[in-house]
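Notes follow once the structure below has been shown.
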Amino acid sequence: MQSQTVHNIIAAGRRLYQRGLVAGTDGNISVRCGETIFITASGVSKGWLTEADIVPISLDGQPAASGAKPSSEAALHVSVYRNRPDVQAVVHAHPPFATAYALAGMTLPQDLVEARLMLGEIPLLSFAEAGSLQLAEQTGAAARSYRGALLANHGAVAWDWQLDMAICLMEAIEQVAKTNWYAQMLLHSKHQNG
């Protein structure tokens with residue numbers, strides 16, 4: 001099970017990277033397996049993950065073995081798992097359109113039928129420093145009621161009972177943000193042209 005989990009995280013990292021939802025060493029991915037969380041290491045590209053870049057940590061956030069340093073957002077992941085025992089995967093990324101909404105202090109509109117059905121409300125969490133306990137606590141609290149969140153000035157996070165679905169939620173968050181952005185541009189153009 002451990003090797004399959006590691007393989008799945010590596011594949012998820014490539015998917016996020018190829019779809020432009022992370023760049024450089026952005027983002028982090030984790031999967032819970034019983035009492036262990038497997039999380040991406042700090043400072044590594046999600047598009048080029050290797051087995052050595054997946055770090056086991058305990059539900060207290062402590063590394064289970066020596067080796068690579070876990071993501072600086074490990075506390076955020078742990079907080080989601082503590083608040084939602086049914087969740088088995090957490091994905092944090094910096095999708096450009098969704099992050100633009102977060103930077104502008106805006107939540108995602110729910111005009112698209114698909115957005116309401118698949119995502120429900122995606123709240124905008126107030127600003128907290130990356131890797132901070134405040135950010136972890138806010139995200140854990142949001143996990144009790146929502147399927148994901150925008151992080152002010154930071155990016156987005158999604159969680160679900162399986163990794164593939166958490167990735168799908170992140171893709172949907174970005175698609176909703178992008179579609180609404182384009183709709184606003186068209187409406188603006190329409191009003192300008194009479």
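The values are calculated or read from the model by the stated rules, or taken from the named source; none is laboratory data. Computed from a predicted model, the values in this text were never measured in an experiment. FYI the Cβ positions are ideal-geometry reconstructions off the backbone, even for glycines, and counts take in every protein chain you see. With ligands, DNA and RNA removed, areas are computed over all heavy atoms of the protein, side chains included. Shrake-Rupley method; radii C 1.70, N 1.55, O 1.52, S 1.80 Å.
Check G155, G140, G131 and return the single one that is at positive phi, modelled with pLDDT of 90 or more and either open to solvent by less than 20 Å² (accessible area, probe 1.4 Å) or over 17 Å from the mean Cα position of the chain (by Cα) (or both).
Criteria check complete, one pass: G155.
Any idea which residue in region 158-174 is least open to solvent (accessible area, probe 1.4 Å), counting only those that are assigned to a helix (DSSP H, G or I) and acidic (D, E)?
Applying the filter and picking the extreme gives E174.
Which ones in region 116-128 are more than 22 Å from Q88 (Cα to Cα) and crowded, with 19+ Cβ neighbours inside 10 Å?
Once the filter is applied, which keeps residues that are more than 22 Å from Q88 (Cα to Cα) and crowded, with 19+ Cβ neighbours inside 10 Å, region 116-128 yields only A128.
Among residues belonging to region 7-32 that are of a type outside the set (G, A, S) and without any contact (Cβ under 8 Å) to a residue 24 or more places away in the chain, point out the one that is most open to solvent (accessible area, probe 1.4 Å).
Per the criteria, the residue is H7.
Could we say that T50 is over 15 Å from the mean Cα position of the chain (by Cα), of a type in the set (V, I, T) and closer than 23 Å to A142 by Cα here?
Judged against the criteria, T50 is not a match.
Suppose we filter V87, V55, V31 for residues that are assigned to a loop (DSSP other than H, G, I, E, B) and over 19 Å from S132 (Cβ atoms); which single one remains?
Criteria check complete, one pass: V87.
Just to be sure, is H92 under 21 Å from T5 (Cβ atoms), assigned to a helix (DSSP H, G or I) and either touching a residue at least 24 places away in the same chain (Cβ under 8 Å) or open to solvent by 20 Å² or more (accessible area, probe 1.4 Å) (or both)?
no
Quick one: which of A149, A177 is buried (at least 24 other Cβ atoms within 10 Å of the Cβ), part of a helix (DSSP H, G or I) and at pLDDT 85 or above?
Testing whether each residue is buried (at least 24 other Cβ atoms within 10 Å of the Cβ), part of a helix (DSSP H, G or I) and at pLDDT 85 or above leaves just A177.
From the list A65, A100, which residue is outside any loop (DSSP other than H, G, I, E, B) and surrounded by fewer than 23 Cβ atoms within 10 Å (Cβ to Cβ)?
Only one candidate passes the filter, namely A100.
Could you check G131 against (1) closer than 25 Å to Q18 by Cβ; (2) assigned to a loop (DSSP other than H, G, I, E, B) and say which number it fails?
Just one mismatch for G131, condition (1).
Could we say that P70 is closer than 20 Å to I9 by Cα and in contact with an Asp or Glu (Cβ under 7 Å, 6 or more places away or on another chain) here?
Against the criterion (closer than 20 Å to I9 by Cα and in contact with an Asp or Glu (Cβ under 7 Å, 6 or more places away or on another chain)), P70 does not qualify.
Within region 34-52, how many residues are in contact with a helix residue (DSSP H, G or I) (Cβ under 9 Å, 6 or more places away or on another chain), open to solvent by 20 Å² or more (accessible area, probe 1.4 Å) and assigned to a helix (DSSP H, G or I)?
Counting residues in region 34-52 that are in contact with a helix residue (DSSP H, G or I) (Cβ under 9 Å, 6 or more places away or on another chain), open to solvent by 20 Å² or more (accessible area, probe 1.4 Å) and assigned to a helix (DSSP H, G or I) gives 2.
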